[in-house]
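This report concerns only the one structure given below.
No value in this document is a laboratory result; all are computed from the given coordinates. Treat the numbers as computed from the prediction; the structure is a model and nothing was measured. Every residue, glycine among them, receives a Cβ derived from its backbone with ideal geometry; neighbour counts consider all protein chains shown.
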Amino acid sequence: MKSNDISAFIIAGGKSTRFGEDKALYIYRGKPLIEHVIERIKPVFESISIIADDAERFSYLGYPCYRDIIPGLGPLGGLHTALKRAGTDSVFVFACDMPECNPGLIRYMISQSAGHDAVIPVKHGYHERLHAIYRQSCIAAIEKRINKGERQFSSFFEDVSIREIRDDEIWKFGDPDIVFRNINYRRDVEKIEPRRWTMHSHSKYLETRARKALDNAILTAEMLDFYRALYAVHDTQHDRYINEPDMPSLGLEDLPLSENGMRIFSGGTVDSLLIPGLAPLVEATMAHHPGLSLESLRDALSEGSAPVDIAFAMIKKDSGRVEKLAADCRAGADETIFILVNWLKPFLAALRERNALSINETETETLCPFCGYYPDMAAIVSGKDGKRYLHCSLCGHRWPFRRIMCAVCGTEDAARLENFTPEGDTRNRIDVCHSCKGYIKTLRFDSIEALGEADLTVENILTTGLDSAALRKGFRRP
């Protein structure tokens with residue numbers, strides 16, 4: 001659903017003196033920077049306009065383009081013009097050089113705008129003023145500053161009511177350094193790696209932990225080599241999906257996918273997207289496990305409607321369908337589930353990141369609110385107001401969860417909940433439930449930023465000792 005009570009304006013009138021050429025039309029990843037911004041915000045807004053000193057440059061885009069009403073004021077003049085030209089009570093202004101702006105965060109900011117003159121994200125103490133909402137009530141304060149000869153954008157902030165969007169809120173949608181990354185210099189382009197949005201490079205993260213994993217006998221050298229190969233497949237396929245123009249578009253009505261997502265798995269598109277990722281995964285798995293035969297499984301998953309049928313069965317947690325597939329292919333159930341999970345992971349992570357929906361999260365969902373699958377890890381951020389989060393084992397989504405609640409069955413009976421920590425381990429613990437006999441591994445972090453830097457997919461394989469400890473005590477995972 002698009003927002004028709006707020007207009008979007010892209011500020012593209014700068015001279016780009018630091019960049020050296022027209023930044024808005026600089027070709028970045030195959031198209032002008034401004035087109036990346038439009039692509040990201042188009043699903044949210046009915047009305048999109050551009051503020052620029054030369055409307056002809058952007059006429060090919062087909063959107064209204066306006067000159068500054070009062071020239072020479074820089075971005076403040078762009079905002080003033082946007083508010084004057086808008087036919088809505090509020091405007092959402094964007095810089096033209098923010099190619100990774102996040103639709104989910106945009107929707108969330110709109111939901112927070114009631115009762116405020118402006119809604120502005122704050123990253124590392126700095127107001128992201130050109131990724132913000134401003135109401136018509138700001139005009140008087142802006143014109144007051146202009147009449148005093150002030151051009152600084154934030155000069156009017158003290159005269160209006162601002163809802164600041166803090167780091168912990170932004171992190172729900174992505175890394176603030178990526179979401180608000182703008183391009184001022186040519187060197188900024190050179191620093192940017194191939195597009196990944198929010199999924200970690202599992203390979204890179206694994207290397208930061210490899211030495212310790214070997215020294216502490218968490219992984220053998222053979223296991224480490226296998227996970228290197230596996231995560232290389234993940235990263236390659238994720239990048240392919242992220243840059244694939246035919247990835248499906250989602251609405252909130254499609255979530256969770258396990259209940260409402262059949263629409264996106266029909267029509268043949270998902271088949272053609274998934275099949276190329278299967279062979280590299282199967283080959284990497286067999287290469288590191290001599291004697292393991294997965295050719296029949298690979299062939300079965302590549303035939304007819306099998307890719308979407310099995311993918312949807314996996315997301316729906318249809319164990320009977322998965323067990324039948326394993327039996328038909330004479331493959332072990334565990335090996336079959338392993339292939340299915342790691343085949344779907346890069347696709348679902350990219351699908352989530354490409355759509356970046358503002359998911360309604362009640363902190364009581366024991367299953368992923370995006371795809372509907374089980375969590376594999378939990379995380380707790382320290383401090384008085386620290387939160388607990390669950391991490392999806394399939395799509396990598398992270399969502400807030402109540403601190404006193406079983407992540408398996410959802411009971412809130414504190415007398416039935418317990419946690420224990422392996423001796424000498426100050427970072428990890430195991431949360432268990434005596435009602436359902438379920439457990440989940442939990443990592444502790446000092447800050448939301450530290451959690452954001454951690455790759456919980458990799459941490460899951462580095463904490464198998466916790467799984468062993470829980471199993472010995474009679475607890476199980478779903």
Only Cα pairs under 8 Å and at least 6 apart count here; give the relative contact order of the chain as a rounded whole percent.
11 percent
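Counting each DSSP H run of 4 or more residues in the chain as -39500 (n - 2.57), what helix-only mean residue ellipticity at 222 nm follows after dividing by all residues, to the nearest 500 deg cm²/dmol?
Taking each H run of at least 4 residues, the total per residue is -11000 deg cm²/dmol.
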Can you give the relative contact order of the stretch 6-191 as a percent, counting alpha carbon pairs under 8 Å and 6+ residues apart?
24 percent
Could you tell me which of the pairs LYS42/LYS172; LYS31/LYS148; LYS31/LYS204; LYS84/LYS172 are separated by over 31 angstrom between their Cα atoms in the structure shown?
LYS31/LYS148; LYS84/LYS172
Let me spell out the model: positive unit charges on the Cβ of Lys and Arg, negative unit charges on the Cβ of Asp and Glu, origin at the Cα centre of the stretch 339-478. What dipole size does that give, in debye rounded to 20?
320 debye
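What is the fewest-to-most order of TYR66, TYR231, TYR126 by other Cβ atoms lying within 10 Å of their Cβ? The partial results should precede the final answer.
On the way: TYR66 18, TYR231 24, TYR126 9.
Sorted ascending by nearby Cβ count, the order is TYR126, TYR66, TYR231.
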Specify whether the C-alpha gyration tensor of the stretch 202-355 places it in the rounded, prolate or oblate class, a ≥ b ≥ c being the square roots of the eigenvalues: rounded for a/c under 1.5, otherwise prolate if a/b is larger than b/c and oblate if not.
oblate
In terms of the alpha carbon gyration tensor, root eigenvalues a ≥ b ≥ c, rounded if a/c is under 1.5 and otherwise prolate when a/b exceeds b/c or oblate, the stretch 6-191 is rounded
Flagged links, alpha-carbon separation over 25 Å, of LYS316/LYS437; LYS387/LYS441; LYS316/LYS387:
LYS316/LYS387
Between the stretch 208-248 and the stretch 461-478, how many Å separate their Cα centres?
22 Å
Among ILE337, ILE139, CYS65, whose Cα sits farthest toward the positive end of the charge dipole of the chain (+1 at Cβ of Lys/Arg, -1 at Cβ of Asp/Glu, about the Cα centre)?
ILE139
Check: the chain dipole with +1 on Lys, Arg Cβ and -1 on Asp, Glu Cβ, in debye
740 debye
Which order do peptides 211-220, 426-435 fall in by mean Cβ count within 10 Å, highest first?
426-435, 211-220
Cα principal axis extents for the stretch 375-472, largest first, Å:
33, 29, 28
Could you tell me which label, among (1) 23.1, 70; (2) 24.6, 79; (3) 22.0, 68, carries the value of Rg and Dmax of the Cα atoms in Å calculated for this structure?
(2)
